[in-house]
Structure formats: structure tokens, C-alpha cells
Amino acid sequence: MSLNWKQITLSLSPVWATLVALTLGVGLILLAGLNPIKAYYALFMGAFSNIYGISSTLTKTTPLVFASLGVALAFKGGYFNVGAEGQLYLGGLGATLAGLYIHGLSPLLHIPVTLAAGFVAGGIWSVIPGYLKARHEVNEIITCIFMYFIGLLFIEYMASGPLFEPGAPSAMSPEIAASAQLPIIIPNTDVHLGFLMSLTLVFIMHLVLTKTTIGYQITAMGLNPVASRYAGVNIVKSMCILSFVSGGLAGLAGASEIMGLKHRLFDAFSPGYGLDAIVIAFLAKSNPIGVMFASLFFGTLRSGAGMMQRATGVPTTAVLAIQGLVILCVAISLVLPQWRPRWFRADIDKETPRKKENE
Amino acid sequence: MWAIVFNASFITDFMAAAIRMATPLTFAGLSCTISERSGVFNIGAEGMMLSGAFVAAVGALFTGSAWIGTGFACIIGALLGLLLAVLSITLGANQIVSGVMINILSLGFTSFLSRIIMGSAITQKLPTFETWGIPFLVKIPVFGEIFFRQSPLSYISYAIAVILTFIFFKTTWGLSIRAAGENPRAVDTAGINVCLVRYICVMFSGIFASLGGAFLSVGVVRYFTENMSAGRGFIGLCIVILGKWHPLGAVLAALIFGAVDALQLRLQAFEVGIPYQFLVMLPYICGFIAISGVVGRAQSPEAVGKPYLKEN
């Protein structure tokens, strides 16, 4: 199968969508009466011009990769996990508990145990909506959002109540054991082992989705749950496993954040990585490799935003607006292929009629 | 403490607060009711509400009138409804994806623009609505002050609920709307434009949601904060289910949620020994229980969530 330029153009549609969004962002910053070129330049320089910028970009990319992999996996299987932020917080709590109350282990054992605690905590927070969706057809968007609010408040309670370190200036837990902390992999920066782990997971998930039966089952379940059921797949069980793993990955985002960077549980320790993850998974079309690049892009936005605000006065929340534009453009790009002109149809792209979905 | 609780003024105060808290939820519920009745899930109600709150605040800030601000909110609500309609009805995008997109878009834009327009420090309070006492009825002992001295937007929400009930169940328009949600093919066969019906309903859904948002910013607290809708749009989706897709049912369900909210605020004030985070959780937990079908399952419109595509 030879790839022609039309197919390549089509498969890169998220890139075009992002570029359109960034262009619209120029207009938005102009409307605000500020200089968009200087703003984008400052953003880029803030994220990459020196070792601190790069360190900050990579540490912000790490939780994004974990959480977005979780969301992307869920999307693949037809589970709209929009509660990754809550699962991330619960993952952070699980890791903190394991890091605080397990003593005397060597790091070689303590780190995996702590990560596992984060994974399980995030997974439990996600499996509840997943089970309700599969068993009772409860809309998971709404349940995920409620679980997110409940989780956030629960973490606030834990950090300011039972886990509160006496005398601390704000809601935070004591520092977790040194044996549970992830080592720094680039000296003099904050880049920790979690970054490498997240990249490894990208490739593992890529292999699982493309080369294994499980990956095929997940995709099939996402595309057509009814057919999967007739093919003998236990939908309730599969959905529970899928939602657990998806939440677990989001939980790892929180766990690695606590174990590698913060070393304590704070209330509101995530600036919204789990929410970015939804946009990233959309942008990447749930493709793990795409998730990696999209996470780096969003990590860059988050990391450079501070410099942009200091240098040009464009508030950091401009990044949120750009995210909104990105998801708008991506949403449009997802449906546009059906409407592309005849001259642009890729050669092997069969003239498939649009599905009849309302019977 | 119990002496305070059973004090008459406490009860009137509590009930008035419950009604006040219920108003944005009523709008959210009505917003989701009308769109789901026509066959479109409006997950974006949350974002429409947030945008409505923001635009109302900005409008009120610049014009000095809460009413004009609310008018602007209606416009942005209708525009976001139009966006949802174009994406999910004309372009055939997934309704859930489109709704989630509207939420993220609204969160991003309101957070960005609020810092640009209003600055981070809010010094002055926004203009607000005078409460209206309904003549004669407000004189009824105890209950008069609870039910008949409310913000005009609260009355508007009840009026909309009554009008919607009438339209849904007594007019041919209503029949078309309900049929578009149950059996769009039949509507099409009868020569009615399903897409048009859904467009109109989704745009009104946006208007109702943004009215709820306007109530939040200019109606109660008189300022705008980032993400101030705080999940109320999603509670609207639960209210629809609890209210069994009936506008008056939505009003009742919203009152229940309003009462829960008012109760948790009062429990916080009384320091009952429960950490406040658990009290703030209460509405979400109630929403969760409501939607999980513990309270009995209701039947949603048959074709909700499915795009209607004509045969070529």
C-alpha cells in the first residue's frame, strides 16, 4: 500500500487543526490588544531556551503522557473517560499513602509498590463509572465528572485533615519516604524517572493496541459494542477492566507527580493535567504515539505560559483558550473528511456511504 | 442547636435559600430537557452556563444593567447552541464529543477573557436584580416571603417551565419536538424538518443554560470567578432524569438539589463536626445517586444521542 500525499494530508489532520487553532489564537491575543508574535516567541523561549525551561517542559509533559494514555485507551474502547483529573488525584493519594506508611523497603521494591498503589487508587475511581455504564447504561460523562468533583474534595480533606503535617503553612502531607521517591534522571533538573516510564508506556500501549488480540478487542468494543457482545465478548467484564486500566494510567500520572516532583500530597497539586488529557487524547485521535507528541505540545504550552505572562502580559490562561480552540478545530477536523471535495478523496478510500444510525 | 434549627426564621431562611440555589439548576434542567426531548444530548450545558455567567457579568459591568448583561448572555447561549447544532446535527459529529468540546472551549475562553477584561482583582460588585415581591401573595404569612420575594430570573425559570409544558403537550410544535426525539423518521415522513426542529431546540437549550449562568454571576454573588458553574450544568443532566423529561419535573428536581445545597451550606455554618469538604460533596453525591438509577429508572426519549441522517 503506497501512501499518497492525500492520505498523508488526511492523517495529519490534527496537525492542521492545531495550526489553525494557533492562528486563531493570534487573533484572540490581537483582540486583547497584545502582541501575539512576541507572546508566542516568549512562550517558546520560556519552554526551550535554557535547561530550566526544558526541565520544566519535560516534567509537565510527564503527567500529561500518563493521563492522556489513560484517556486515549478509554476512548479506543468506547468509554468517554472525562474524569481523569479525579483519578489522577486519587492516584496521588494512593501513592502518598504507600509512600508514608510503608517503611523499610529498598527503593527497588518500594517504588513499584507505591506506583501500584497509585494505579489501583486511580483505577477504582474509574471502574465505578465504567461498571455503571456497562451494567446499567449510565452515561459515564456525568458520573465521571461527579467522581472528579468528589475526588478533588476528598483529596482536599485528606491533605488538610488526616494526612496534614502539623505546622505546615497550607494543606499538605508530610514528605513520603525517600525509598519511594523517583530518582532524578538529568542532574540539576527536576526531570525524574517518571518521564522515561511514561515514554516506555507509550510504546507498550502502541504494541498492545496494534499487535495483540486484547488491543483488537478494545478497538472492536469501541467501534461496535453490540457486535462484540455477539462475538462472545463479555462487555461488562471488558468494560470494567478497560475503565480500571484507564483510570490506573491516570492514577500513575498523579503517583509519578507525587513520587518524582512534589514528594508530598497537596490539595490541588495538579493544575488540570487530567483535563488537558481529554484534549490531548482527542488531538492524538487516541493514538499512543500521537499522545506523546500532543503531550509534549501541551507541556510546552504550560511550561512557556509563565514566561509569556511575565514578558508580554498575555495571561497564562491564554493557554486554556488556545486549548479550547484546538479542541474546536480538532472536533471539526474529525467530521470534515466526510465533507471533503471529490477531487480530494484518497484513491483507495472507498466510497463508503455514511452509516444509517437512526434505526 | 436544634432550638435554632426549628426556629421559624431559620426555616423561612432555609427555604428561601433552597429556592435561590435551585434557580440556576432549574435553568440547567430545562436546558437539558428541551434538547433531549428533541433528540440531542447537551453535555455542553455546563460550558453554556459558564459562558452565560461570564458574558452577563461583562455586559452588566459595561452597561451597568443586569438585564442587558442577561440579554447578552442569552445571545452567547444561542450561539453556543448553534455551534453544538452545526457540529452534531449538520456535520454529524458525536454529540457527546461536541458537548465536551463546548465545555472546554468555554472554560478556556472565560478564564482567558476574564483576566483580560476584568483583571484578576475584582474590586467592585456587579449590578444585580432587585428581588420582586409579587403583590398580595407576598403578604401571606411565612410562605409569602419565601416563595414570592425572589429574583425575577427565578420567576422567569418557572414561567419557562410552564410554557414549555404547554408547548410540549398541548401544541403541534410540541408534538414535533417530542417526535423528533422519539422517532425522527416519522417526523420526516410527515413533512417536518427534523434538523430544523433540533436546531431550534438546541439553541433554546443554550439560551436557558446561559440564563442559569447569568443568575449565578449577576443574580447572586455579583462577580465572576473562573469555572464558577462548578458542575451545575452536569447536575442539569441528572435533573432531566429525575424530572422524567418533564419541564415541571425538572423544576421539582431542581428544588430538591437546591435544598441539598442550601442544607449543606447551613450545616457548614453550624459546624456539625463533619468536615466541610464532605458537605460540599453532597450535591454531587446526590447527582451521582440520581443518575445511577437508584431512584428508579425513567425512559429517555428513544432517539436521543443519535444523529438523524436522511436517506439519499
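The values are calculated or read from the model by the stated rules, or taken from the named source; none is laboratory data. Remember, predicted model here, so these are calculated numbers, not experimental data. Please note: Cβ atoms are built from the backbone with ideal geometry, for glycine as well, and neighbour counts cover all protein chains shown. Calculation scope for accessible area: heavy atoms of the full protein, side chains included, ligands and nucleic acids excluded. Shrake-Rupley method; radii C 1.70, N 1.55, O 1.52, S 1.80 Å.
Can you give the net charge of the other residues whose Cβ lies under 15 Å from the Cβ of B:PHE204, counting K and R as +1 and D and E as -1?
On the way: positive: B:ARG37, B:ARG178, B:ARG198; negative: B:GLU36.
Once all neighbours under 15 Å are counted, the net charge is +2.
Take each uninterrupted DSSP H stretch in chain A, measure its Cα extent along the helix axis, and return the ones at 24 Å or beyond whose mean Kyte-Doolittle hydropathy is at least 0.5.
On the way: long enough: A:13-31 (27 Å, 2.00); A:51-76 (36 Å, 1.03); A:84-101 (25 Å, 0.67); A:107-136 (42 Å, 0.88); A:140-160 (29 Å, 1.67); A:193-211 (27 Å, 1.86); A:235-256 (31 Å, 1.49); A:288-312 (34 Å, 0.68); A:318-335 (26 Å, 2.71).
Helices meeting the span and hydropathy rule in chain A are A:13-31, A:51-76, A:84-101, A:107-136, A:140-160, A:193-211, A:235-256, A:288-312, A:318-335.
Restricting attention to the range A:118-196, which GluC sites (Glu not before Pro) occupy a DSSP loop and are surrounded by at most 11 other Cβ atoms within 10 Å?
Of the GluC sites (Glu not before Pro), the ones in loops of the range A:118-196 whose Cβ has at most 11 other Cβ atoms within 10 Å are A:GLU137.
How many nm separate the modelled label positions at A:THR210 and A:TRP16, each set 7 Å beyond the Cα in the direction of the Cβ?
My value for the distance between the label points is 2.3 nm.
Would you mind giving the total buried accessible surface between chains B and A, with a 1.4 Å probe and ligands, DNA and RNA left out, rounded to the nearest 100 Å²?
For B against A, buried area totals roughly 4300 Å².
Roughly how far apart, in whole Å, are the Cα centres of the range A:10-64 and the range A:134-151?
The distance from the Cα centre of the range A:10-64 to that of the range A:134-151 comes to 32 Å.
Can you compute 3J(HN,Hα) from phi for each residue in the range B:239-249, using the Karplus curve 6.51 cos²θ - 1.76 cosθ + 1.60 with θ = phi - 60°, rounded to whole Hz and x for Gly and Pro?
Using θ = phi - 60°, the values come out as 4, 4, 5, 4, x, 6, 6, 10, x, 6, x Hz.
Put +1 on the Cβ of each Lys and Arg and -1 on the Cβ of each Asp and Glu in the range A:59-303; which of A:ALA121, A:MET147, A:PRO288 then has its Cα farthest toward the positive end of the dipole?
Result: A:PRO288.
Which entries of A:LYS38/A:LYS60; B:LYS139/B:LYS244; A:LYS211/A:LYS285 have Cα-Cα distances beyond 29 Å here?
With Cα atoms farther than 29 Å apart: B:LYS139/B:LYS244.
Can you show me the helix-derived [θ] at 222 nm for the protein assembly as shown, built from DSSP H runs with n ≥ 4 at -39,500 (n - 2.57) apiece and divided by the number of residues, rounded to the nearest 500. Intermediate results must be reported in sequence, preceding the final value.
Working: 27 runs with 456 residues, N = 671.
Only helices count here, giving -23000 deg cm²/dmol.
For the range A:243-302 and the range A:170-193, write down the distance between their C-alpha centroids in whole Å.
With the range A:243-302 and the range A:170-193 each reduced to a Cα centre, they are spaced 17 Å.
How much length, in nm to one decimal, is gained on full extension between A:LEU105 and A:VAL236, taken as 0.36 nm per residue of separation minus their Cα-Cα distance?
Extra length available between A:LEU105 and A:VAL236 comes to 43.4 nm.
Would you work out the relative contact order for chain B, in percent, from Cα pairs under 8 angstrom that are 6 or more residues apart?
Numbers: 587 pairs, mean separation 113.6, N = 312.
Relative contact order here is 36 percent.
Which value, in Å² and to the nearest 10, is the accessible area of A:TRP125 when all protein chains are kept and the probe is 1.4 Å?
40 Å²
Using only protein heavy atoms and a 1.4 Å probe, report how much of B:ASP261 is accessible, in Å² to the nearest 10.
Probe radius 1.4 Å; accessible area of B:ASP261 about 20 Å².
For the protein assembly as shown, count the residues as N, evaluate 2.2 N^0.38 Å, and divide the Cα radius of gyration by that value, please.
Against the empirical 2.2 N^0.38 Å value, I get 0.96 for the protein assembly as shown.
Using the heavy atoms of the protein chains alone and a 1.4 angstrom probe, what is the accessible area of the range A:59-303 per residue in square angstrom? Mind dumping the intermediate values first?
Details: 9020 Å² over 245 residues.
In whole numbers, the range A:59-303 has 37 Å² accessible per residue.
Against the longest principal axis of chain B, how steep is helix B:95-118, in degrees 0 to 90 to the nearest 10, with axes from Cα atoms?
Computed tilt is about 50 degrees.
Taking all protein chains in place and a 1.4 Å probe, what share, in percent, of the accessible surface of the protein assembly as shown do carbon and sulfur account for?
On the protein assembly as shown, the fraction of accessible area on carbon and sulfur atoms equals 68 percent.
Accessible area per residue of the range B:147-212 at 1.4 Å probe, in Å²? Kindly include the intermediate steps, with their values, before the conclusion.
Working: 2930 Å² over 66 residues.
Accessible area per residue: 44 Å².
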